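Below is one structure, written out as structure tokens; comments come after it.
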Amino acid sequence: MKLLIVGSVAFDAIETPFGKTDKIVGGAATYIAITSSLLNVPCGVVSVIGDDFGNENIDIFRKRNINIEGLEIVEGGKSFFWSGKYHNDLNTRDTLVTEVNVLENFDPKVPDSMQDADILLLGNLHPLVQLSVLEKMHQRPKLVILDTMNFWMDTAMEDLKKMIAKTDVISINDEEARQLSGEYSLVKAAKMIHEMGPKFVIIKKGEHGAILFHDGKVFAVPALPLEEVFDPTGAGDTFAGGFAAYIAKKGDFEFETMKAAVIVGSALASYTVEKFGTERLVELSEEDIVHRIGEFRNLTAFEVMVD
């Protein structure tokens, strides 16, 4: 199956207790696309950058055979830039700088080569931008996956609800699920969100894993205990990319496939946090991925005998 990715391609500057970077390549679509390429899934990116991004950074996509016909380059424009500083627990961070730049007037264009995409993954953007992509598709993709955040719940809730109503899978964290649903219990929150439209609800809990809800069924996966977490930036996008790419490889949307996709997404995200930005992702081999999935299998496999 073919995967269409919509989201930011950007620059980040990151500071954690373990070090700091100058401007490095980031953005939701970047993490998702690299992750998809690791699983050899044909994918394309719809995004916008300024001409400051440079050919050497665009080559990150080209050399992985990622379709960038939908990547608009604005002459004289500056790419989206975010700078943040993580606290010692790495669960909280302060945004130091946000420069929206060319993303402010982003009008997504879906190239003909990606109009037949089977899966559409909408990264975190304004819900009206996400809706516009769906409306520009000649036919509705077989599966629409949505990522969003509490900022849009605060500033564009009605637009967000329209987008959620057209979504098959929504991926949000526990705080966002509670805000969106008005329920503290995540089980009740997932039920409320189901009623808004999505058939599948994924609630991410950071260092405590993720939970998949579907039609009264629940599947939970823990996060892999790691000795060191270096940089959490992009972990959620990597999770989404691994999740979507695995489904694309399998070619079906059954609950069992979704369960396995949550494991694959979690395994790949656990690599992302080991280095700054995309540095760990781009060096992964197929053997690395298989090994990490095996670690998750060992983490969650058990037998119980009750006499």
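The values are calculated or read from the model by the stated rules, or taken from the named source; none is laboratory data. Because the structure is a prediction, the values reported are computed rather than measured. Neighbour counts run over all protein chains shown; Cβ positions are idealised from the backbone, glycine included. Surface areas here come from the heavy atoms of the whole protein model, side chains and all, with no ligands, DNA or RNA. Shrake-Rupley method; radii C 1.70, N 1.55, O 1.52, S 1.80 Å.
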Accessible surface of the chain [probe 1.4 Å, protein heavy atoms]: carbon and sulfur percent: 49 percent
³J(HN,Hα) computed for each position of segment 63-79 - Karplus, 6.51 cos²θ - 1.76 cosθ + 1.60, integer Hz, glycine/proline x: 6, 9, 6, 8, 5, 10, 5, x, 8, 7, 10, 8, 5, x, x, 10, 6
Relative contact order of segment 149-190, defined on C-alpha pairs under 8 angstrom at six or more residues apart (%): 32 percent
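I'd like the FRET efficiency for F151 and D307, computed as 1/(1 + (r/R0)^6) with the beta carbon distance as r and R0 of 41 Å, rounded to 0.05.
Computed FRET efficiency for F151 and D307 comes out at 0.15.
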Listed pairs K188/K259; K142/K249; K161/K204; K217/K250 exceeding 24 Å between Cα atoms: none
Under 12 Å, Cβ to Cβ, from G123 - net charge with Lys/Arg +1 and Asp/Glu -1: -2
Inter-label distance for D116 and D159, nm, one decimal - labels placed 7 Å from Cα along Cα-to-Cβ: 3.3 nm
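Add +1 for every Lys or Arg and -1 for every Asp or Glu among the other residues with Cβ under 12 Å from the Cβ of L103, and state the total. Before the final figure, lay out the partial values.
On the way: positive: K78; negative: E72, E99, E104, D107.
Residues near L103 contribute -3 overall.
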Approximate spin-label separation K142-V282, in nm, with each point projected 7 Å along Cα-to-Cβ: 3.2 nm
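Using a Förster distance of 30 Å, how high is the FRET efficiency between L226 and D107, based on the Cβ-Cβ distance and rounded to 0.05? Could you put the intermediate results ahead of the total?
On the way: r = 40 Å, r/R0 = 1.34.
Efficiency, rounded to the nearest 0.05: 0.15.
Just the Kirkwood number for segment 3-300, please: inverse of mean 1/r across all distinct Cα pairs, in Å, one decimal. Write down the numbers at each step before the final one.
Values: mean 1/r = 0.0524 Å⁻¹.
Evaluated over segment 3-300, this radius sits at 19.1 Å.
Among residues other than P222 whose Cβ falls under 15 Å from its Cβ, what is the net charge (Lys/Arg +1, Asp/Glu -1)?
+2
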Gain upon complete extension [V187, E207; 0.36 nm per residue less C-alpha separation]: 5.3 nm
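Stretch F18-K199 to full length: gain in nm at 0.36 nm per residue minus the Cα-Cα span?
On the way: separation 181, 0.36 × 181 = 65.16 nm, distance 3.98 nm.
The span from F18 to K199 would gain 61.2 nm if fully extended.
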Test item: Cα-centred dipole of segment 17-111, Lys/Arg +1 and Asp/Glu -1 on Cβ, debye: 380 debye
Most mobile of F151, F53, F106 in a GNM of the chain (Cα contacts under 10 Å): F151
